[in-house]
1. I need the full set of residues from segment 388-413 which are under 24 Å from A348 (Cα atoms) and not in a loop (DSSP other than H, G, I, E, B), in order please.
2. If you check S627, S597, S568, which single one turns out to be touching a residue at least 12 places away in the same chain (Cβ under 8 Å), small (G, A, S) and within 25 Å of S365 (Cβ to Cβ)?
3. Against the condition over 22 Å from the mean Cα position of the chain (by Cα) and under 24 Å from Y318 (Cα atoms), how does A433 come out, does it pass?
4. Looking only at segment 560-593, count every residue that is under 17 Å from F492 (Cα atoms) and surrounded by fewer than 20 Cβ atoms within 10 Å (Cβ to Cβ) and tell me the total.
5. Could you check how many residues of segment 215-230 are within 24 Å of T301 (Cβ to Cβ) and without any contact (Cβ under 8 Å) to a residue 60 or more places away in the chain?
6. Being at pLDDT 95 or above, under 30 Å from L248 (Cα atoms) and among the acidic types (D, E) is true for just one of E606, E553. Which residue is that?
7. Starting from segment 243-258, take each residue that is acidic (D, E) and list its partners that are surrounded by fewer than 21 Cβ atoms within 10 Å (Cβ to Cβ), counting only C-beta distances under 6 angstrom and pairs at least six apart or across chains.
8. Which of the residues spanning segment 436-492 are surrounded by 24 or more Cβ atoms within 10 Å (Cβ to Cβ), over 26 Å from the mean Cα position of the chain (by Cα) and farther than 28 Å from V406 by Cβ?
Amino acid sequence: MKQAGGSLPRQFKTALALGVALLGAGIVLGQGQIPESKGVPDDWTHHHLVFSNPGTAAEALENGTYDRWVSVVSDPRYALQVTKRAAAANAELRPILPPASRAEAVTPEAQMQLSVDTDNSESRLPRGLMRAAPADSKGISAPRFPIPRWRRITQSNLRTDWSENLGSNATVGLGMFPAKYSFGVSSANCGSAGSPDFVVYNTGLAGSAGQASIVAYDNLYSGCSGTVPSVYWAYDTNGGAIVTSVVLSQDGSQIAFAQTTGTAASLVVLKWKASSSETPSAPAVLTSTGSYQGCTAPCMTQINFSGGANDSGSAVYYDYSSDTIYVGDDGGRLHKFTGVFNSTPAEAGSPWPVSVNTSGEGLASPVYDSTSGKVFVGDYLVSNAPNCATAGCGYLYSVNASTGAVVQSGRLDYIFGIADAPLVDSSAARVYAFVGADSGFQSSSSPCGKRVPCSGVFQFATNFSAGGSGTEARMGAGFELLLSGTFDNAYFNSANGSSPSGNLYVVGNTGAANSTLYQIPISANVMGAPNTGPALSTNYSNGFFAAGLQLTEVFTGSKDYIFTSVVSFGAPASCTSGSTEGCVMGFDVTSGSISGSTTPTGATTEAQGTSGITIDNIVTTAPTGASNIYYTPLGNQLCGAGGTGGCAIQISQATP
């Protein structure tokens, strides 16, 4: 396969060469080899554990990193990443989001609610948006900011490929991702195929006979015949609510997730079965079985978290090689479950669960790195304390996956904490933590203003020591949450994977400034001074602090694109600028440079912003319409012909 320039991507060359190198060294890839008969899962975990190009075995020997190289190329996730990015070599797509004018995007009823509320009730604002006040910019009067759900108050009418109603107030959630399974990355399967591609959305709602907690769709693409999309299956998972991301087994036949019933969390492992009768409002009702391994689909098993804690912000992380899941809880403990998909699921005993945050604040989503053998996780504020500086949170941790030994960094975030999973590059042995309010909170010489925190990205080596603070790249004034960024194709295709160069894109300015796209240049594994890109929102101009939301990257073979959203006051054209109107947008970053005048390839209004954005195939053959992005808005809006509610949305990457 050739890209537009006529040569194979460097990482694809590495993939072809590594098999020969490993065989010559007497090493068998096992599960780590590029799967031929299996499909390709894409869930939240693939956005947070990544691999810069590890190079060749000879280069690793020369650099003294051979053992790490073997660990990287043997990881099934590395093989999956290579498969996805190599598929782009034949692609020639131009991702654009369909524009929508304000008149098209907002119903008359919703327009009446677009003005800024004046009742000073934070409960009327979407999560990630808070009224600005001088004291707040210093973190002094920061109120409790728990992760649980927030109120929706506005509707929008969008032009999308499709938009399906999941139920009133349904959403995958801020910082959470839908899960997509494709049986090929350069081809696409419609519902008529024996194994159709499908996408899974958690709804965030308690399951019942009239409301699904989780829904899957197949027949996804506009070129498919019949109803596009079609409900593949829909379940009420024993009355629980799934408020964090779902993970897929490597063959796509099973899923796993954390769910909450009342105030107690559990792990659910589920075998699905296609159905022609289930819908989001008429799901099949599943209950826990005592013998999961031998049960007939559809079936599930439910394992209560040891200690009875809730889980409102930690998604489960699945390791393919060991068949193990790691997940945090609201009491600061990290849980480990073994035998998840391939044996008998069970929670591991001592030393698990490990008390990571001993102050009882919540853990965010963890990331396991097989090369270092460590789990990396941050913590965030869930108690009634005013901020992390007083509550004892805002740290990054590494946890030894074998012994449970914990290493705590210095405090990084002083207000709401680290609410998103870190970004881990296993090849480069680096961890990136995303911080909305750094130590400027307590500093009279803060570069963002006297006693004003900055938002920033902290880079650590995977073997960081206790109390370490890593290296920070600051991105404007801080206050609200900062969610994870994404690397560009230059980084993934860097000539030296153990010391890569490229760019990291992040949405900064979470405090007294408008949400802005930043580019952090990375040279030989070292972060440089961030370059300031375009303002994405006019939130602070309208008197609000806003969280910086996640980004997702896709390389099409000739172009490199990133997608993100804002929770309010979208600045680009086609965004509705209201206090509860978010906007999703895409940018072309192929050139590797951005400025304040950089414009999006497209943008469209979404109620209160969006969940994390999942990318699927890079396809240029039939069926048409097979290269897309998937997400849910964070608020209710008109879902095509399905009425008003929380929408499951697909938008094409390609020009309509």
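The values are calculated or read from the model by the stated rules, or taken from the named source; none is laboratory data. Because the structure is predicted, anything quoted here is derived from the model rather than measured. Neighbour counts run over all protein chains shown; Cβ positions are idealised from the backbone, glycine included.
1. To start, the set of residues in segment 388-413 that are under 24 Å from A348 (Cα atoms) comprises 396-408.
Residues satisfying the conditions are L396, Y397, S398, V399, N400, V406, V407, Q408.
2. Numbers: S627 fails: within 25 Å of S365 (Cβ to Cβ); S597 fails: within 25 Å of S365 (Cβ to Cβ).
Every option except S568 fails the conditions.
3. Details: over 22 Å from the mean Cα position of the chain (by Cα): no; under 24 Å from Y318 (Cα atoms): yes.
Judged against the criteria, A433 is not a match.
4. Number satisfying all stated conditions: 5.
5. First, the residues of segment 215-230 that are within 24 Å of T301 (Cβ to Cβ): 215-216.
Filter again for without any contact (Cβ under 8 Å) to a residue 60 or more places away in the chain, leaving 216.
Residues meeting the conditions: 1.
6. Result of the check over E606, E553: E553.
7. As it stands, the answer is D251/K38, since those pairs meet every condition given.
8. C448
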